[in-house]
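One structure is given here, and the rest of the page talks about it.
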Amino acid sequence: FRALRWAWRLTWLSAIGLTGAVAYSIFDLRQPPDQSPPDPSKKTLVILGTGWGSVSLLKKLDTENYNVIVVSPRNYFLFTPLLPSCTTGLIEHRSIMEPIRNILRHKKASVQFYEAEATKIDYEKRVVYISDDSEIKGDISHTEVPFDMLVIGVGAENATFGIPGVRENSCFLKEVGDAQNIRKRIMDCIETACFKDQTEEEVKRLLHMVVVGGGPTGVEFAGELQDFFNDDLKKWIPEIKDNFHVTLVEALPNVLPMFSKQLIEYTESTFKEEEISIRTKTMVKKVTDKYIQAEVTKPDGSKELETIPYGLLVWATGNAIRSVVRDLMSQIPAQAESRRGLAVNEYLVVNGTENVWAVGDCAIANYAPTAQVAGQEGAFLGRLFNIMAKTEALEKELEALSERQAQAKGDEDRNQIFDEIRERQKQLRRSKQIGPFQYSHQGSLAYIGKERAVADISWLSGNIASGGTMTYLFWRSAYLSMCFSTRNRVLVCVDWVKARLFGRDVSRE
Ligand code: FAD
Ligand code: NAI
C-alpha cells in the first residue's frame with residue numbers, strides 16, 4: 001500500500017515536472033531575450049538554405065562571432081520525415097514547419113535573413129547572386145551578397161533522369177507544396193472517378209495511384225495512401241472501394257535497398273497484406289498524362305514494354321544536383337570528376353576552395369543523403385566555426401601579449417606576461433584539437449503502412465533489425481522527439497489525435 005502511495009506521488013511529481021518543462025519552453029519561445037546587432041566588422045558568414053544542414057549549423061553557431069547572413073527561398077525549416085503524412089491530411093503541413101524567424105530570433109546576436117534563391121555563386125569574386133522569386137516583388141529583386149565564408153546547404157532537387165513527361169505529369173514529394181498538391185490530386189481523381197456516367201475503364205484509371213521509386217519516400221507514401229483508403233476513403237466514398245488501387249514501381253529487384261534483407265521481405269509481405277502491388281524490375285521510360293510506359297524484366301531475363309494507366313503519379317526516384325551547385329562545380333577544376341554533388345574533404349570544405357563548406361544533400365562525403373547526415377554535418381560546422389572564432393581571438397591576444405612582453409620593463413612584469421602567454425598557448429592548443437567530421441549512424445527507420453514500421457538500428461557495435469507495430473510506436477516517438485520545437489510536437493500530437501477521433505479530412509482544398 002505504501003509502495004502504491006509512492007508510485008502515485010512519483011506520477012504526480014513527474015506530471016508536474018513535465019508540465020513545468022513544457023510551460024517553460026513555451027515561455028522561452030515567446031519571450032526571446034534582446035539580441036546584439038550584427039557586427040559588419042566581423043567576418044561575413046553566408047549560409048545558403050534553411051534545411052536540415054543549415055539549421056543544425058545555426059542551432060550550434062555562436063552568432064556573436066560572425067556577421068551571419070542566411071539566404072533561402074523558404075522562410076521555414078521543414079521536418080521532412082513526417083512530410084508523407086501530410087499528403088493524406090494525417091498531419092497538417094504547418095505542424096511540421098518552424099519559421100526561420102523564430103529560430104534566428106533566439107540567437108545571441110541577430111542574423112540577417114533574405115528570402116531569396118541563390119542563383120549563382122561567383123567563387124573568384126566571393127559573392128552570391130540572389131533573386132527574390134516570390135509572387136510579390138519590390139523595385140529590387142536581384143542583388144548580390146559578398147561573403148568571407150560560405151556554407152552551401154541548398155539540398156538537392158528531384159531526379160528525373162531526363163525521362164520524357166515526368167516533370168509535366170507527375171507529382172514530387174520534397175516540399176510542402178508537393179504534399180499539398182498530392183493531397184488535392186488524390187481527392188480530384190476520386191471525385192472525377194465518381195462523376196456521373198464515367199466509363200468503367202476511366203474509373204479504373206483514375207483510381208489507380210502509381211508511385212515510381214521504391215526508396216523510403218515511395219514506400220512511406222504508398223503506405224500512407226493505403227492507410228488513407230482503408231481508414232477513411234472507403235467509409236466516406238464506398239463506391240470507389242472496388243477500384244482504388246496503389247502500385248509501387250521500382251527498377252531494382254527489390255524495394256528499400258538500404259534496409260536489411262529480412263526487413264525488405266517484411267515490407268513486401270506487409271504490402272501484399274495491404275493489397276499494395278509492388279512491380280519490381282520495372283523501369284519507367286516514358287510518362288504521358290494518362291499512362292506510364294515501363295520496361296519490365298521478365299524472370300527469363302527478357303525485356304518487355306508495358307503501358308500502365310494511372311490517375312495520380314508520384315515520382316520519388318531520388319536526388320539530382322541543383323543548378324546553382326552545378327554552376328559552382330564548373331568554376332572549380334578540383335570538382336571536375338565529381339558527378340553527384342560538391343566533393344568535400346573531412347572538414348566539409350569544398351575541394352579546391354578556401355572558406356567554402358558544403359553540408360547535406362548537396363555535398364558528397366560518402367554518406368547517404370539523409371536528414372541524419374545533414375544534421376550531424378551542420379552541427380559539426382557550428383562547433384568548428386565557434387572554435388575557429390575562439391582560436392582567432394586567442395591568437396590576437398597572444399600577439400598583443402608578445403608586444404607587451406617586448407616592451408615590459410621589470411623582470412616581474414615580464415614573468416607575469418610570460419605566464420599569461422603560456423596559459424593562452426595551452427588554451428590555443430586545446431581549441432585547435434577539433435578532429436575531422438565523423439558520422440555516427442543511429443539507424444534507418446521507415447513507415448510502411450498498417451501501423452507498422454521497419455527499423456535497422458545501430459546498437460553497440462551491431463545492428464538490430466525490427467519491423468511491426470512496436471517498431472511503429474518507436475518510429476512515432478523517435479520522430480516526435482526529433483521535431484524541431486515543442487510547438488511542432490504539440491501540433492503533431494494534436495493532428496494524430498484528431499485523425500484518430502474524426503478521421504482525415506476528405507475535402508479537396
Ligand atoms: P534540405 O533539407 O532539402 O534543405 C535545403 C534548403 O535549401 C531548403 O531550405 C531550400 O529551400 C534551400 N534552397 C534550395 N535551393 C536554394 C538556393 N538556390 N539558394 C538558397 N537556398 C536554397 N532523411 C532521414 O534521415 N530520415 C527520414 O525519415 C527522412 N524522410 C524523408 C522524407 C521525405 C519525403 C523526403 C523528401 C526526404 C526525407 N529524408 C529523410 C531525407 C532528408 O530530408 C534530406 O536528406 C535532408 O533534408 C537534407 O538536408 P539538406 O539541408 O541538405 O537539404
Ligand atoms: P532513393 O534514391 O532512396 O530511391 C529511389 C528509387 O527509385 C531507387 O530504388 C531506384 O532504383 C528507383 N528508380 C530510379 N529510377 C527509376 C525508374 N525510371 N523507374 C523505376 N524506379 C526507378 O530516393 P528517395 O526514396 O527519394 O530518397 C532520397 C533520400 O532520402 C535517400 O537517401 C533516402 O535514404 C532519404 N530518405 C530517407 C527516409 C527514411 O529514412 N525514412 C525517407 C525518405 C527519404
Strands (runs of 3 or more DSSP E) lying entirely in the stretch 142-227 (those with 2 or more residues that are within 19 Å of the chain's Cα centre (by Cα) and of a type in the set (Val, Ile, Thr)): 149-152
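So, in the stretch 443-488, how many residues would count as being basic (Lys, Arg) and more than 16 Å from ligand 1 (Cβ to nearest atom)?
2
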Being crowded, with 18+ Cβ neighbours inside 10 Å and part of a loop (DSSP other than H, G, I, E, B) narrows it down to one residue among 107, 125; which is it? 107
Before we move on, is residue 232 modelled with pLDDT of 95 or more, within 16 Å of ligand 1 (Cβ to nearest atom), in contact with a Lys or Arg (Cβ under 8 Å, 6 or more places away or on another chain) and not polar (S, T, N, Q)? no
Can you run down the residue pairs with Cβ atoms below 6 Å, 6 or more apart or on separate chains, where the first is in the stretch 359-376 and farther than 11 Å from residue 340 by Cα and the partner is polar (S, T, N, Q) and more than 8 Å from ligand 2 (Cβ to nearest atom)? 375/56
List the residue pairs whose Cβ atoms are under 6 Å apart, where the first residue sits in the stretch 468-491 and is closer than 20 Å to residue 268 by Cα, the second is outside any helix (DSSP H, G or I) and small (Gly, Ala, Ser), and the two are 6 or more positions apart or on different chains. 471/453; 471/455; 472/453; 475/453
Anything in the stretch 440-478 that is in contact with a Phe, Trp or Tyr (Cβ under 9 Å, 6 or more places away or on another chain), among the hydrophobic types (A, V, I, L, M, F, W, C) and not in a helix (DSSP H, G or I)? List them, or say none. 445, 446, 448, 453, 454, 455, 457, 465
Would the stretch 51-59 turn up any residue that is touching a Gly at 6+ places or on another chain (Cβ under 8 Å), near ligand 1 (Cβ under 9 Å from one of its atoms) and part of a loop (DSSP other than H, G, I, E, B)? yes
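Could you say whether any residue in the stretch 92-102 is in a helix (DSSP H, G or I), without any contact (Cβ under 8 Å) to a residue 40 or more places away in the chain and more than 16 Å from ligand 2 (Cβ to nearest atom)?
yes
What residue, of 504, 500, 452, 476, is more than 14 Å from ligand 2 (Cβ to nearest atom) and either under 30 Å from residue 382 (Cβ atoms) or surrounded by 12 or more Cβ atoms within 10 Å (Cβ to Cβ) (or both)? First the steps, then the outcome.
On the way: 500 fails: either under 30 Å from residue 382 (Cβ atoms) or surrounded by 12 or more Cβ atoms within 10 Å (Cβ to Cβ) (or both); 452 fails: more than 14 Å from ligand 2 (Cβ to nearest atom); 476 fails: more than 14 Å from ligand 2 (Cβ to nearest atom).
Result: 504 is the single residue among 504, 500, 452, 476 that is more than 14 Å from ligand 2 (Cβ to nearest atom) and either under 30 Å from residue 382 (Cβ atoms) or surrounded by 12 or more Cβ atoms within 10 Å (Cβ to Cβ) (or both).
Counting only residues that are among the polar types (S, T, N, Q), within 18 Å of residue 216 (Cβ to Cβ) and crowded, with 19+ Cβ neighbours inside 10 Å, how many does the stretch 271-319 have? So that I can check it myself, show each step before the final result.
Step one: of the stretch 271-319, the residues among the polar types (S, T, N, Q) are 277, 280, 282, 288, 293, 297, 302, 307, 317, 319.
Those still in the list that are within 18 Å of residue 216 (Cβ to Cβ) too: 280, 317, 319.
Now narrow it down to the ones that are crowded, with 19+ Cβ neighbours inside 10 Å: 317.
Residues meeting the conditions: 1.
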All positions within the stretch 13-37 that are part of a helix (DSSP H, G or I) and exposed (fewer than 10 other Cβ atoms within 10 Å of the Cβ): 27, 30
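Could you list, in sequence order, the residues of the stretch 362-379 that are more than 15 Å from residue 77 (Cβ to Cβ), within 12 Å of ligand 2 (Cβ to nearest atom) and modelled with pLDDT of 95 or more?
Residues of the stretch 362-379 that are more than 15 Å from residue 77 (Cβ to Cβ), as a first pass: 362-370, 372-373, 376-377.
Applying the additional criterion that residues be within 12 Å of ligand 2 (Cβ to nearest atom) yields 367-370, 372-373.
Passing the criteria: 369, 370, 372, 373.
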Does the stretch 391-408 contain at least one residue that is surrounded by 15 or more Cβ atoms within 10 Å (Cβ to Cβ) and either among the β-branched types (Val, Ile, Thr) or in contact with a strand residue (DSSP E or B) (Cβ under 6 Å, 6 or more places away or on another chain) (or both)? yes
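Would you point out the residue of the stretch 255-279, among those that are within 9 Å of ligand 2 (Cβ to nearest atom) and at pLDDT 95 or above, that is farthest from residue 451 (Cα to Cα)?
Residues of the stretch 255-279 within 9 Å of ligand 2 (Cβ to nearest atom): 255-258, 279.
Retained after the next criterion (residues that are at pLDDT 95 or above): 255-256, 279.
Numbers: 255: 19, 256: 18, 279: 23 Å.
Looking at the filtered set, the residue picked out is 279.
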Within the stretch 302-319, residues within 10 Å of ligand 2 (Cβ to nearest atom), of a type in the set (S, T, N, Q) and either more than 32 Å from the chain's Cα centre (by Cα) or not in a strand (DSSP E or B) (or both) come out as 317
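The values are calculated or read from the model by the stated rules, or taken from the named source; none is laboratory data. These numbers come from a predicted model, not from an experiment. A quick note on method: Cβ atoms are made from the backbone with ideal geometry, for glycine too, and the neighbour counts reach across all protein chains shown.
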